[in-house]
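Q: Please read through the structure below; I'll follow up with questions.
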Amino acid sequence: MHVEKKPSIIVWGNAKGGVGKSTLALHFALQCMHEKLSVACLDADGDQGTLFRSIENRKQYCRQKNLSFPIPEIIRFRPSAYTSTALATTALDELLQRCEHFDIIVIDTQGSDTPVGRYVHQRARILISPVTESPLDLDLFVNISEIQEQSHHTLPLGSYAHMVWEQRLTKASQTQEPLEWVVLRNRMSSQISRTQIHLEKILKSLAPRVGFYIGPSVGDRSIFRELFPYGLTVLDREGLTTLAHITARQEIKSATQFILSLLKKKEKS
């Protein structure tokens with residue numbers, strides 16, 4: 001019996017804004033398109049709509065410059081437009097059904113913990129959580145105030161890690177499907193610092209306990225911030241040949257390949 005293949009839902013989530021979810025989600029979507037995959041993007045970032053506006057700006061830029069850059073399908077979802085969580089999650093499911101003919105569905109989420117946001121996490125096949133060097137970011141994964149040097153093997157979970165753990169249990173009990181989790185270090189300084197070493201140590205200690213993968217890191221590069229408002233990415237600028245630009249493209253490709261290889265691994269298992 002032939003079973004129709006469902007799209008893989010990739011959620012970019014974190015309980016804090018400003019970690020680069022939208023920028024990385026756009027780069028991931030476009031790199032997937034370069035890999036000949038069909039992609040739909042769903043912006044569930046509340047009323048902010050950062051990913052939606054960036055892709056709309058990309059469309060406008062291409063029209064003005066008469067360019068034919070790849071542009072993913074984009075759908076905007078505003079949870080605040082619904083009077084209850086139940087209505088919002090039903091509407092979200094309907095939107096996802098409209099995208100069933102795509103290979104990949106990329107969802108950008110709010111930088112806060114909400115009931116609808118939790119449901120979005122449950123729908124993910126793979127959750128990608130960017131984290132920067134900031135102690136505020138790390139505190140969402142592990143409760144820094146409770147860390148004791150002699151007990152790193154029992155690191156206390158932070159609020160976001162605890163929330164993800166709950167959604168994984170809910171998803172497994174309802175669908176018998178796993179929620180795979182990748183933590184991606186973003187905006188890493190080119191200079192190795194004590195903060196970077198501490199972050200890596202904590203993540204490596206926490207990963208086997210919580211069950212997440214540590215993905216390739218992405219550097220802190222101004223080119224990402226300069227291009228994103230126009231809906232542009234380092235993947236579009238083949239003429240940019242400085243070492244920083246080449247490295248930025250390679251980092252995006254490496255991160256995307258890591259996620260896609262994890263998808264393929266789960267499809268075979």
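Q: Could you calculate the FRET efficiency of K65 with Q97 from 1/(1 + (r/R0)^6), where r is the beta carbon distance between them and R0 is 41 Å, rounded to 0.05?
A: Numbers: r = 35 Å, r/R0 = 0.85.
Efficiency for this residue pair is about 0.75.
Q: Sticking with this one: Just going by the charge dipole of region 8-268, with Lys and Arg at +1 and Asp and Glu at -1 on Cβ, which of F228, C32, N14 is farthest out on the positive end?
A: Of F228, C32, N14, it is C32.
Q: Compute the longest continuous run of the chain that contains no exposed GluC sites (Glu not before Pro); treat a site as exposed when its DSSP state is not H, G, I, E or B and it has at most 15 other Cβ atoms within 10 Å.
A: Details: sites that count: E4, E35, E100, E238.
The longest such stretch corresponds to 101-237.
Q: Step through the table entries K16/K201; K65/K266; K5/K204; K171/K201; K65/K253, compare each Cα-Cα distance with 31 Å, and write down the pairs that go over it.
A: Values: K16/K201 21 Å; K65/K266 41 Å; K5/K204 34 Å; K171/K201 29 Å; K65/K253 26 Å.
Violating the 31 Å Cα-Cα cut-off are K65/K266; K5/K204.
Q: Over the chain, with a Gaussian network built from C-alpha contacts below 10 Å, which listed residue (I246, I75, I128) shows the highest mean-square fluctuation?
A: I246
Q: State, to one decimal in nm, how far the label point of S84 lies from the label point of S112, with both points 7 Å from Cα in the Cβ direction.
A: In this crude spin-label approximation the distance works out to 2.2 nm.
Q: Another question about this same structure. Mind checking which of I71, L140, A86 is farthest towards the positive end of the chain's charge dipole, using Cβ charges of +1 (Lys, Arg) and -1 (Asp, Glu) about the Cα centre?
A: Going by the charge dipole, the pick is I71.
Q: For a quick check: with amide H placed at 1.01 Å from N, whose amide H comes under 5 Å from L157's, ignoring anything fewer than 5 positions away on the same chain?
A: Those qualifying (amide H under 5 Å, at least 5 residues apart or on another chain) are N143.
Q: Taking the Cα-to-Cβ direction at A244 and at Q174 and moving 7 Å from each Cα, how far apart do the two end points lie in nm?
A: Label at A244, label at Q174, 4.4 nm between them.
Q: Give me, ordered by chain and number, the residues 5 or more places off S38 or on other chains with an amide H under 5 Å from its own placed amide H.
A: D103, I104
Q: Let me ask something else. Kirkwood Rh, the chain, all Cα pairs: how many Å?
A: Value: 19.2 Å, from the Cα pair sum.
Throughout, read-outs are computed from the coordinates displayed, never taken from laboratory work. Predicted model only: the values in this text are computed from it and were never measured. We place every Cβ from the backbone using ideal geometry, glycine too, and count neighbours over all the protein chains shown.
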